[in-house]
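A.B. asks: Sharing a structure here in structure tokens format.
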Amino acid sequence: MTSNKTFSAQETGPNLEKRATERWQNKEGGARVRFPPPLVFLLSIFLAVVLQRAVWPLTIPVGWQLRVTAGLVFIAAAICLFVPALVLFKRTGQHPRPWKPTPELIPNGPYRFTRNPMYVAMTLFVLGLGIALNDLWISLFAPVSLLAVHFIAVLPEERYLTEKFGENYRGYLARVRRYL
């Protein structure tokens, strides 16, 4: 089946590139992320606490020492992933807010292993917090939060970075996993 659609000179070349760029960039020049990802994780913690206290308490059937230790291990892993990622952002003049422009790709540090170390760290933190506090709701909402952030932030960021950095970013996509 063939298409009868014709393209005017205005829809090709630089004008088409400009329209595509505008589609994936916001007015500040960054990715079209409309909701702060950390708030997704905070809202999930809040909702989990409400469910735990007011609806149906879910606990983790493990001794408190093992539970707290496991929770703290997850929280420590989150910090060990988040802090170096944030330091690299600051060193390269980037802002962790995804709607701010990205001046360059960061292929080193934790970005060698995951394209989204801050989101993975937030997920690990929420998971560990739920385990340490014996609130299974919090832990259950950790992957749900990451799923929401996937659609709210990760996909728009990837479109923006692909548009901005082209083959360099596509090569990075091929080498490094999105999460773990």
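Throughout, read-outs are computed from the coordinates displayed, never taken from laboratory work. Not measured: the values here are computed from a predicted model. Reconstructed Cβ throughout: ideal geometry from the backbone, glycine too, with neighbour counts over all protein chains shown.
A.B. asks: In which sequence would 160, 179, 172 go, from the one with the fewest C-beta neighbours within 10 Å to the one with the most?
C.D. replies: Least crowded to most crowded, the residues run 179, 172, 160.
A.B. asks: Report the extension gain between residue 179 and residue 97 in nm, rounded to one decimal, defined as 0.36 nm multiplied by the number of residues separating them, less their alpha carbon distance.
C.D. replies: Full extension of this stretch gives 27.7 nm more.
A.B. asks: Estimate the FRET efficiency between residue 77 and residue 140 by the formula 1/(1 + (r/R0)^6), using the beta-carbon distance for r and 25 Å for R0, to the nearest 0.05.
C.D. replies: Efficiency at R0 = 25 Å is approximately 0.85.
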